[in-house]
Amino acid sequence: AGGAADGAATGRGTGVVRLTLRPAGISAATGRQAALFGREPTPEEVERAAARVQALLGHRAVTRVELGGGRGPGDRVRRVPYGDAAPARLPAGPWPGRLPAPHPATVYPAPLPARLTDTAGREVAVSARAEVSDPPARLAVAGHRAARITGWAGPWPVLEEWWDSAHARRMARLQVVTADGHAWLLVVERGQWWAEAGYG
C-alpha cells in the first residue's frame, strides 16, 4: 500500500495529524502468510513488498521467525531478515530446565520488574533445591496493579554455563495466575523477580 501523511509544524509537540492510505493493488485473500515462514513458495508480490520496505527502512525491517533450541521462551526465537538464509539450527535438546507447554503468547523485549510476596508480605525466595520459601500470595508487576495469586506452578530451575564463572547464570521460572485474569511467566535471578512473558 502507498500512503501520504500531512504533518503540521505549527506548534511545539505537533506531529502527524492525518494519514491517508491508498492501496497500490488489490488481490484476493488466499492465506499467503505461510510463505513468510518458509512453508510455501513466496509469491512475487510479497517479495516485491518486502524489498520495498527493506529499501526504505533497512535490511532488518522485515524479518521472519525461526524457532531453535533454548530454555526460555525468548531464547527459542530468532528473527531472520527476509531474504537471508535460515541460520544453522541448534540441537533439539535436551534442554534441562526448559519451560513446559503451553508457551507464552507475549515475550517482553526486556523483562518487567516484579515483586512476588507471601501472605505475610515477605518476598518469596527459591532455594538451591528449587523450593519456594513460602507459597506465593501476591504479585506486583511494573505497569500493572498488584493482584492476588489464584494459582501457580514451578519453580523450574535453570543453571547455564556453570563451567564459566564470567557467564554462569542461575535462575528459576514460575508460572503464576492472578485474580485480575492475567497469567505470567516469572523468573528470579540474584533475588530479583521479573515478569519475562505473559499468557494470553
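Please find, within the range 139-148, the residue that is surrounded by the fewest Cβ atoms within 10 Å (Cβ to Cβ) out of those that are under 14 Å from residue 180 (Cα atoms) and either modelled with pLDDT of 95 or more or aliphatic (A, V, I, L, M) (or both). So the residue we want is 148. When the range 113-134 is filtered for residues that are open to solvent by less than 60 Å² (accessible area, probe 1.4 Å) and either touching a helix residue (DSSP H, G or I) at 6+ places or on another chain (Cβ under 8 Å) or among the β-branched types (Val, Ile, Thr) (or both), the ones remaining, listed by number, are 117, 124, 126, 132. When the residues of the range 28-79 are filtered to those that are among the small types (Gly, Ala, Ser) and open to solvent by 80 Å² or more (accessible area, probe 1.4 Å), which remaining residue is modelled with the lowest pLDDT? So, considering only residues that are among the small types (Gly, Ala, Ser) and open to solvent by 80 Å² or more (accessible area, probe 1.4 Å), the one modelled with the lowest pLDDT is 29. Only residues that are open to solvent by 70 Å² or more (accessible area, probe 1.4 Å), of a type outside the set (Gly, Ala, Ser) and outside any strand (DSSP E or B) were counted across the range 162-181, and they come to 4. Residue 128 meets each of the listed conditions (1) out of contact with any Pro (no Cβ under 6 Å at 6 or more places or on another chain); (2) modelled with pLDDT of 85 or more apart from (2).
For the range 112-120, the condition holds for at least one residue, the condition being that it is assigned to a strand (DSSP E or B), farther than 16 Å from residue 72 by Cα and among the hydrophobic types (A, V, I, L, M, F, W, C). Condition check: in a strand (DSSP E or B), open to solvent by less than 80 Å² (accessible area, probe 1.4 Å) and farther than 13 Å from residue 116 by Cα. Does residue 154 satisfy that? Answer is yes for this residue.
Being open to solvent by 70 Å² or more (accessible area, probe 1.4 Å) and either free of Cβ contacts under 8 Å to residues at least 60 places away in the same chain or assigned to a strand (DSSP E or B) (or both): is that true of residue 159 here? It is true that residue 159 is open to solvent by 70 Å² or more (accessible area, probe 1.4 Å) and either free of Cβ contacts under 8 Å to residues at least 60 places away in the same chain or assigned to a strand (DSSP E or B) (or both). Within the range 68-89, residues that are within 26 Å of residue 171 (Cβ to Cβ) have Cβ atoms under 6 Å from residues that are at pLDDT 75 or above and of a type outside the set (Phe, Trp, Tyr) in these pairs: 71/158; 73/103; 73/104; 73/107; 73/197; 74/107; 79/63, counting only partners at least 6 apart in sequence or on another chain.
The values are calculated or read from the model by the stated rules, or taken from the named source; none is laboratory data. Note that this is a predicted model, so its numbers are computed, not measured. A quick note on method: Cβ atoms are made from the backbone with ideal geometry, for glycine too, and the neighbour counts reach across all protein chains shown. When the accessible area is computed, the model is the full protein with side chains, heavy atoms only, and any ligands, DNA or RNA have been set aside. Shrake-Rupley method; radii C 1.70, N 1.55, O 1.52, S 1.80 Å.
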